[in-house]
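Heads up, the thing below is written out as structure tokens.
The values are calculated or read from the model by the stated rules, or taken from the named source; none is laboratory data. Note that this is a predicted model, so its numbers are computed, not measured. We place every Cβ from the backbone using ideal geometry, glycine too, and count neighbours over all the protein chains shown.
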Amino acid sequence: MVYLSHIYTKTGDAGDTGLGDGSRVPKDNPRVTAYGSVDELNAALGLLLVHAPEHSEASLVQQIQNDLFDVGADLCVPPIADEAPGSRLRIRPEQSTRLEEAIDRLNANLAPLKSFVLPGGSVASAWCHLARTVCRRAERDVVTLMRSETVNVQVLIYLNRLSDLLFVMARFYNSGGGGDVLWRPGQGQEKTA
């Protein structure tokens, strides 16, 4: 259990922050950027829940928010070469499998796609699309981090599955895809009479 007695510590006043292993890095370090994007994604999902609490997938979204704290915990503690399995909180394959199962369940009843979908439609759908784009950024930030440091590959897999799930959820919240706003290529180029 986490216990926070003081919210401000003043230890970051010079532009650095502490990682979960006790080391200190600049606040713009790729690892901090990655888990910062995950935190932003979690906040977007919180807004989805506040703006659309009546939707049937609220408990799934809450589970995802909890998983995203696990993702952040995983990212904030750099893995070590001889790390014993289970010694640190790490994202596990079954967390991504749960997302895949949700994708399959929700996608089974969606209207077939005939065009790309524009973000919008219902309030819940719009929040899902925003969360999806933040998730894709978090995924890119993790890829950037992986170029220079070791990262649990399950983090990247989880974020990739989550962005897919958020797209499916956006369509689900648009009356099963019936309320999707479809892209009309070149619409802005059409001449007015």
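What to note about this one:
- Screening Ser87 against (1) small (Gly, Ala, Ser); (2) within 14 Å of Leu162 (Cβ to Cβ); (3) modelled with pLDDT under 95 leaves a single unmet condition, (2).
- Looking across Leu106, Leu110, Leu118, one residue alone is touching a helix residue (DSSP H, G or I) at 6+ places or on another chain (Cβ under 6 Å), surrounded by fewer than 21 Cβ atoms within 10 Å (Cβ to Cβ) and modelled with pLDDT under 95. It is Leu110.
- Selection count where residues are surrounded by 20 or more Cβ atoms within 10 Å (Cβ to Cβ) and under 18 Å from Leu106 (Cβ atoms), scope segment 33-54: 2
- Answer residue from segment 148-193, given it is surrounded by fewer than 13 Cβ atoms within 10 Å (Cβ to Cβ) and among the charged types (D, E, K, R) and is farthest from Leu106 (Cα to Cα) among those: Lys191
A quick yes/no check of all residues on (1) surrounded by fewer than 16 Cβ atoms within 10 Å (Cβ to Cβ); (2) aliphatic (A, V, I, L, M); (3) closer than 25 Å to Pro53 by Cα:
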| site | (1), (2), (3) |
| --- | --- |
| Pro93 | yes, no, no |
| Cys128 | no, no, yes |
| Glu139 | no, no, no |
| Met146 | no, yes, no |
